[in-house]
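The values are calculated or read from the model by the stated rules, or taken from the named source; none is laboratory data. These numbers were taken from a predicted model, which means no experiment stands behind them. Cβ: placed from backbone, ideal geometry, glycine included. Neighbour counts: every protein chain shown. Heads up: the accessible areas ignore ligands, DNA and RNA and are worked out on the full protein's heavy atoms, side chains in. Shrake-Rupley method; radii C 1.70, N 1.55, O 1.52, S 1.80 Å.
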Amino acid sequence: MPSHPKVLDPLTPPPSDLEGLVEQVRELLRIPLNIEYRHLPQIDSSPPLTIDETYIPLAVLDQISSQRWLEVADLQRNHRHTVGGQHRLSLNQTYQNRIPALEAISDHLTTNSTTNSLKLMLLGKPGAGKTTFLQYLTLQCLGGELFPGHIPLLFRLRDWSATAQKSGDFDLINYISQKLHHLGINAEQITTLLHAGRVFLLLDGWDEINPSHSSEIGEQISQFSETYYQNSVVVSSRLAADHYRFRGFTYVELADFDGDQIAAFVFKWFAATCKANPKTGTHLAAQFMEKLDLPENSPMRELAGTPILLTLMVSVFFTKADFPKKRSKLYEAGLDILLSRWDEARGIQRHSAYDNLSLPHKIKLLSAIAAETFPLGNYFFEQSEIEAIVSDQLAIWGGNVEPETSHQESAAVLKAIELQHGLLVERAKGIYSFSHLSFQEYFTARNIVYRADAQMQREAIQELAAWVGDSRWREVFLLTAEMLRNADPLLQAMKLEIDTIAASSQFLQEFLAALATKCHGLEVGNKPAALRAFYFTLFLDRDLGLALALDRSLAGNLTPELNLDLKLARIFALALTLTREEIPDNPSGNKHLRQQMLNLNFALDLNGNLAGKPQLETAILQLKAALPDLSDKSTVCVHWWQQQGSHWLQEFAAVLQKHRQLVTTQLFTPEQIATLRHYYQTNKLLMDCLTSDCNCSIALKADIAANLLLPPLGTPEPKIMMTRSVGKSPLISSPQPT
């Protein structure tokens with residue numbers, strides 16, 4: 001039978017030498033606590049770092065996520081944002097108030113001013129920083145910055161549970177006495193400190209105790225906090241644990257790192273790791289953040305919100321000043337930590353039926369959940385939906401099971417996945433998602449790659465290729481390409497789908513034909529496909545991503561021909577902006593407009609670029625002469641642009657088409673512009689797959705790259721009419737290059 005704490009009168013007046021006792025015990029604890037808690041937990045053999053060197057102030061949410069009453073539609077709508085011009089869901093965003101953790105503690109103490117004590121339950125996902133935060137609080141108290149004049153005592157609940165199981169004694173006071181006895185601190189001194197309210201008790205890892213002990217241990221903590229109510233108590237736990245409801249405790253949830261916290265940690269980590277060479281540390285940190293902030297790395301940036309995964313990322317980056325070429329390797333390393341190594345490194349053993357599943361079965365289960373939810377665009381899903389998928393998988397592996405038993409098992413497995421790995425998270429009552437969209441994408445790709453036989457894999461690849469035009473699938477394509485032993489079938493299927501997109505649009509076919517005509521006669525030393533990519537976006541957004549991927553020489557000095565066309569495109573964009581300006585009602589607006597008009601006039605001075613092109617030079621001079629006199633009032637000039645600008649712009653477009661074979665886009669409909677951008681992104685995705693570290697044949701790679709942005713076979717000659725009215729396809733006739 002477990003014993004109970006000795007109930008003593010908490011109002012007994014403290015001894016006259018209380019301050020001396022407090023200082024004596026603090027001094028006895030100073031060295032042991034610094035030795036045990038100053039260093040951060042490690043998951044590999046990297047150099048040990050201390051809390052002083054790398055700790056970042058944490059934040060908590062103003063409401064426990066899983067306690068919110070929300071619908072799937074609410075979560076799906078509120079978590080969408082734009083990265084690099086593309087819509088992407090961020091599961092890290094909670095749309096709740098973030099409060100600095102120490103500020104939350106201060107607010108709690110203010111609320112409990114009568115006892116001036118803290119009763120706090122700290123919840124968080126695996127690797128969110130719970131243990132580190134408790135270590136930080138312990139050292140802050142020991143240093144006098146927090147709860148000065150108190151004795152910090154930090155214990156792992158799993159150690160207490162294991163000790164109690166052996167001895168049969170769950171008494172918390174007895175356990176504290178045993179832990180401090182070897183330091184020369186006796187039970188009477190501990191009791192004196194407790195009566196005086198001078199103990200700050202921190203209990204780490206409620207989720208790590210044997211479930212059969214939760215009732216006894218929970219009762220002990222409750223009795224302790226009520227009997228010695230003047231003392232502060234903090235208990236930490238993972239979010240999904242079956243929580244014993246501690247009366248009078250405030251429950252808070254640790255928030256993911258935000259952008260500022262990520263940057264602060266990165267610079268601190270590299271500074272601590274490169275103590276011998278601070279400049280190197282600062283340089284590596286800046287490089288890390290620069291690469292992490294690239295639009296194409298947004299999937300990795302999501303992982304950085306979890307401290308343990310951010311630690312992995314900086315450790316990987318440290319070895320070669322870059323992220324892995326294969327992003328799937330980073331995801332696999334992160335999953336290895338969350339699925340096994342993080343618990344193993346700290347000697348934690350879980351107790352649930354889920355533990356009977358092998359690691360491959362756990363990965364297959366997560367892959368099945370991702371494969372059924374991601375194609376439907378379901379990033380948040382009802383608990384019953386996930387339990388049904390789990391139940392189906394368990395039935396495949398375990399045979400026929402009674403429906404009620406199957407329901408209970410699947411519910412238990414879902415909770416175990418959330419508790420042990422944090423890969424599935426309850427975002428609101430009964431609504432789950434993957435902890436990071438990156439993991440849902442990874443498991444979706446993995447489900448395609450690791451099929452039972454070659455025929456099933458071919459079918460899965462064909463199904464994937466059909467999504468090439470959907471930006472949601474970008475990361476899945478990249479991951480699948482780099483994980484396949486032979487990516488040729490995927491790349492071929494993608495190219496076929498892209499050609500089908502072009503063949504289905506007469507407008508797109510004619511645009512590509514005009515593009516091919518423009519580039520065919522150019523002798524500038526660049527690859528033809530790169531030239532097509534260069535001109536494809538010249539009058540859209542001048543995105544050179546695809547062109548540079550095809551030919552890196554375009555990043556240097558452009559040839560005179562390309563440089564001239566680039567200048568003309570910029571002039572055209574400036575003029576197009578002026579046609580859309582409104583008459584300003586303030587002097588500063590007038591000044592801005594006048595400056596834009598001056599810029600246009602200066603830009604049209606192309607003498608140095610028009611050598612050998614007399615007809616184009618004459619046409620440009622005529623266009624410039626038709627512009628309003630800048631000596632007039634700004635309002636007169638703006639009126640001119642509003643009334644005459646569109647006609648002038650069409651004349652300019654006709655000159656560009658006639659003398660440079662350039663197809664401008666100002667008369668394209670929004671739908672046509674969207675078609676061009678969509679088609680461009682599909683080709684860029686294909687090129688990104690080609691240039692990733694995928695296993696594909698050299699001949700296929702060269703063939704696909706050389707044939708990007710070409711019109712489908714059989715496309716007629718372009719007939720692009722620049723003078724058509726807005727709303728009709730502006731396709732022009734008979735290019736006449738100079």
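The table below gives the values:
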{"item": "Charge sum, other residues only, whose C-beta stays under 11 Å from K429's C-beta, Lys/Arg counted +1 and Asp/Glu -1", "result": "-1"}
{"item": "Spin-label model distance (nm) - V316 vs Q455, 7 Å beyond Cα toward Cβ", "result": "3.7"}
{"item": "The chain, relative contact order [Cα under 8 Å, separation at least 6], %", "result": "13"}
{"item": "DSSP loop chymotrypsin sites (Phe, Trp or Tyr not before Pro) with at most 11 other Cβ within 10 Å excluded, longest remaining stretch of the chain", "result": "96-738"}
{"item": "Probe 1.4 Å, all protein chains present, accessible-area order of H283, H520, largest first", "result": "H520, H283"}
{"item": "Additional length obtainable on full extension of the chain from E219 to T577, 0.36 nm per residue less Cα span", "result": "121.8 nm"}
{"item": "Alpha-carbon centroid distance for the pair the range 286-307 / the range 427-462, whole angstrom", "result": "22"}
{"item": "Sum of side-chain charges, A286 neighbourhood, beta-carbon under 13 Å (Lys, Arg +1; Asp, Glu -1)", "result": "0"}
{"item": "R0 of 22 Å, Cβ-Cβ distance A611-A654: FRET efficiency to nearest 0.05", "result": "0.45"}
{"item": "Loop-located GluC sites (Glu not before Pro) in the range 421-505, at most 10 other Cβ atoms within 10 Å (DSSP)", "result": "none"}
{"item": "Value at 222 nm in deg cm²/dmol, rounded to 500, when DSSP H runs of n ≥ 4 in the chain each add -39,500 (n - 2.57)", "result": "-17000 deg cm²/dmol"}
{"item": "Counting DSSP beta bridges with both ends in the chain, the antiparallel % (nearest 5)", "result": "45"}
{"item": "Segment R30-S106, length gained on full extension (0.36 nm per residue, minus Cα span)", "result": "24.9 nm"}
{"item": "Accessible surface of the range 203-355, 1.4 Å probe, proportion on carbon and sulfur as whole %", "result": "51"}
{"item": "Net lengthening on full extension, L70/F602 (0.36 nm per residue, minus Cα-Cα)", "result": "185.8 nm"}
{"item": "At most 15 other Cβ within 10 Å, DSSP loop - trypsin sites (Lys or Arg not before Pro), the range 520-621", "result": "R542, R580"}
{"item": "Heavy-atom accessible area ranking, 1.4 Å probe, most first, across M313, M289", "result": "M289, M313"}
{"item": "Net charge of neighbours whose Cβ lies under 12 Å from the Cβ of A619, counting Lys and Arg as +1 and Asp and Glu as -1", "result": "+2"}
{"item": "Estimated vicinal HN-Hα couplings, Hz - the range 249-260 in sequence order (Karplus 6.51, -1.76, 1.60; Gly, Pro = x)", "result": "8, 8, 9, 10, 10, 5, 8, 5, 4, 8, x, 5"}
{"item": "Entries of K518/K613; K325/K495; K326/K362; K495/K567 with Cα pairs more than 27 Å apart", "result": "K495/K567"}
{"item": "Calculated FRET efficiency for the pair L544/N486, C-beta based, R₀ 30 Å, to 0.05", "result": "0.45"}
{"item": "Under 5 Å, built H, 5+ apart or other chain: amide partners of L70", "result": "K429"}
{"item": "The chain, accessible area per residue, ligands and nucleic acids excluded (1.4 Å, Å²)", "result": "45"}
{"item": "Answer label for log10 I(q)/I(0) by the Debye sum over Cα atoms at q = 0.05, 0.07 Å⁻¹ (calculated), chosen among (i) -0.30, -0.57; (ii) -0.58, -0.79; (iii) -0.37, -0.66", "result": "(iii)"}
{"item": "FRET efficiency, N695 to D355 (Cβ-Cβ, R0 30 Å, nearest 0.05)", "result": "0.25"}
